[in-house]
1. I'd like to compare 106-116, 58-68: which one has the highest average count of other Cβ atoms within 10 Å, and what's the full order after that?
2. Taking the simple approach of a point 7 Å from Cα along Cα-to-Cβ for both residue 72 and residue 19, what is their distance in nm?
3. How about residue 87: which lysines have a C-alpha closer than 23 Å to its C-alpha, ignoring those fewer than 8 places off in the same chain?
4. What Kirkwood hydrodynamic radius, in Å, does the range 82-174 give when the mean of 1/r is taken over all pairs of distinct Cα atoms and then inverted?
5. Within the accessible area of the chain, what % is carbon and sulfur when the probe is 1.4 Å and the other protein chains stay in place?
6. Per DSSP helix of 4 or more residues, -39500 (n - 2.57); summed, then divided by the residues of the chain. What does that give at 222 nm, rounded to the nearest 500?
7. Could you state the accessible area per residue of the chain in Å², with a 1.4 Å probe and every protein chain left in place?
8. When only alpha-carbon atoms are used, what values of Rg and Dmax, in angstrom, describe the range 27-112?
Amino acid sequence: MNSLSMIKCKLITKAVIALTFCMITVLLSAEVSAKPAPVNFDELAPELQDTLSPLSKNWHNLSPPMQHRMIKRAKNADSEERIRLKKQAARWNNLSPEQYQKLREARQRFDKLPPHKRKELRRHWKGMSPEKKRSLRRYHHQLSPTELEELHKKVEQLPDKERRDFIDKLNQQQPKSEKK
């Protein structure tokens, strides 16, 4: 092979590599940056509109990924689950800005916990009776922000068994009318 054909071969090889690299970059960047498009509530199927109806007024305020998650969840739900989703959506829709902010902060604290702690808390919560969950929610809503902050700090520092005992003690301190 003469030097001119070797130079051509090297140039062609470099061009092919550069073109391949550019194509891969374009394809990957489109895939990575692809965001779901917003969904118009009026274009949803009637059964989805019914399930998600409590969110219809504020649907346009939800992020497109949240819209898609809600749609997917509603699509995959059986009739009993759809009723539960509708009630849950109505509760979220009726939250005051202060309640929403409290829940958001609680979620952020939960997300900062190590995975094993989150898993333990989920397991503990699922194991509670509905009555005990209601009782804890009522008690929690009665506390001032300062009391809540102090309580959270105290509970976060307790070992598992002591944390459960502490929560049980709090439940026992509630007036009997609150425990129903």
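1. 58-68, 106-116
2. 3.7 nm
3. 57, 72, 75, 102, 126, 132, 133, 180
4. With all distinct Cα pairs of the range 82-174 included, I get 14.9 Å.
5. With neighbouring chains kept in place, the figure for the chain is 59 percent.
6. Result for the chain, helices only: -24500 deg cm²/dmol.
7. Ligands and nucleic acids excluded, the result is 80 Å² per residue.
8. 14.9, 44
The values are calculated or read from the model by the stated rules, or taken from the named source; none is laboratory data. Computed from a predicted structure; not experimentally measured. We place every Cβ from the backbone using ideal geometry, glycine too, and count neighbours over all the protein chains shown. Heads up: the accessible areas ignore ligands, DNA and RNA and are worked out on the full protein's heavy atoms, side chains in. Shrake-Rupley method; radii C 1.70, N 1.55, O 1.52, S 1.80 Å.
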